[in-house]
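Everything below concerns the one structure shown next.
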Amino acid sequence: MTNEAIKEHITASLPSAAYDETGEWLTILVEPGNWMQLAKSLRYSSLGFDYLFCLTCVDWKTHLTMVYHLSSTVHRHCVVVKANLDRNDPVIETVCDIWRTAEFHERETFELFGVKFHNHPDLRRLILTDDFDGYPLRKDFEDPINMIKL
């Protein structure tokens, strides 16, 4: 399936989606409130994005961006979905009920960036202790031991 066909399909159900084709894959830019609608469309429609192979977050100092990499094992196409979040209250809907691989990645992103995944069934820390203060992958995190400032 071509990028144009994917864009047409998405725009039909979500006209507010924006696109960036400067990278290797088609990038879809979506508002956090529209993420669940788009995720279901990507997974359960004829597009068949049945595999979430990467989920991460990027700290831009002014906001956080959730980044999802999806592929179709049937059609062999890939897309990237990005959603900008409020840095002071980063919340987005979980997609672990759509792509099972998201469950672990969302927990990791919660722990290291502070993003809250609404309706996640088990949002708890994986690596850090429960009393750990801060989010180590945010650019404003100060580590007194390593003394690295970004």
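The values are calculated or read from the model by the stated rules, or taken from the named source; none is laboratory data. Only a predicted model underlies this, so the values are computations on that prediction, with no experimental measurement involved. Cβ sites come from the backbone with ideal geometry, for glycine too, and all protein chains shown count toward neighbours. Side chains are part of the model used for accessible areas, which takes the heavy atoms of the whole protein and leaves out ligands, DNA and RNA. Shrake-Rupley method; radii C 1.70, N 1.55, O 1.52, S 1.80 Å.
Here Pro15 clears all of (1) in a helix (DSSP H, G or I); (2) without any contact (Cβ under 8 Å) to a residue 24 or more places away in the chain except the condition numbered (1).
Of the residues in segment 54-65, at least one is of a type in the set (A, V, I, L, M), without any contact (Cβ under 8 Å) to a residue 12 or more places away in the chain and in contact with a Ser or Thr (Cβ under 7 Å, 6 or more places away or on another chain). Those strands (runs of 3 or more DSSP E) of segment 58-104 in which 2 or more residues are touching a Leu at 6+ places or on another chain (Cβ under 7 Å) and surrounded by 19 or more Cβ atoms within 10 Å (Cβ to Cβ) occupy 63-71, 78-86. Of all residues in segment 74-98, those that are in contact (Cβ under 8 Å) with a residue 12 or more places away in the chain have Cβ atoms under 6 Å from Cβ atoms of residues that are charged (D, E, K, R) and open to solvent by 80 Å² or more (accessible area, probe 1.4 Å), 6 or more apart or on another chain, in Val91/Lys116. Evaluating Tyr51 against the criteria (1) touching a residue at least 60 places away in the same chain (Cβ under 8 Å); (2) closer than 26 Å to Arg124 by Cβ; (3) open to solvent by 50 Å² or more (accessible area, probe 1.4 Å) leaves one unmet condition, (1).
On the basis of being under 30 Å from Thr2 (Cβ atoms) and in contact with a Gly (Cβ under 8 Å, 6 or more places away or on another chain), does His75 make the cut? Judged against the criteria, His75 is a match.
Just checking, does segment 30-37 include any residue being in a loop (DSSP other than H, G, I, E, B), farther than 17 Å from Gly114 by Cα and modelled with pLDDT of 95 or more? For segment 30-37, residues in a loop (DSSP other than H, G, I, E, B), farther than 17 Å from Gly114 by Cα and modelled with pLDDT of 95 or more: present. Filtering segment 105-150 to residues that are open to solvent by less than 60 Å² (accessible area, probe 1.4 Å), out of contact with any helix residue (DSSP H, G or I) (no Cβ under 9 Å at 6 or more places or on another chain) and part of a loop (DSSP other than H, G, I, E, B) leaves Gly114, Gly134, Phe141, Asp143.
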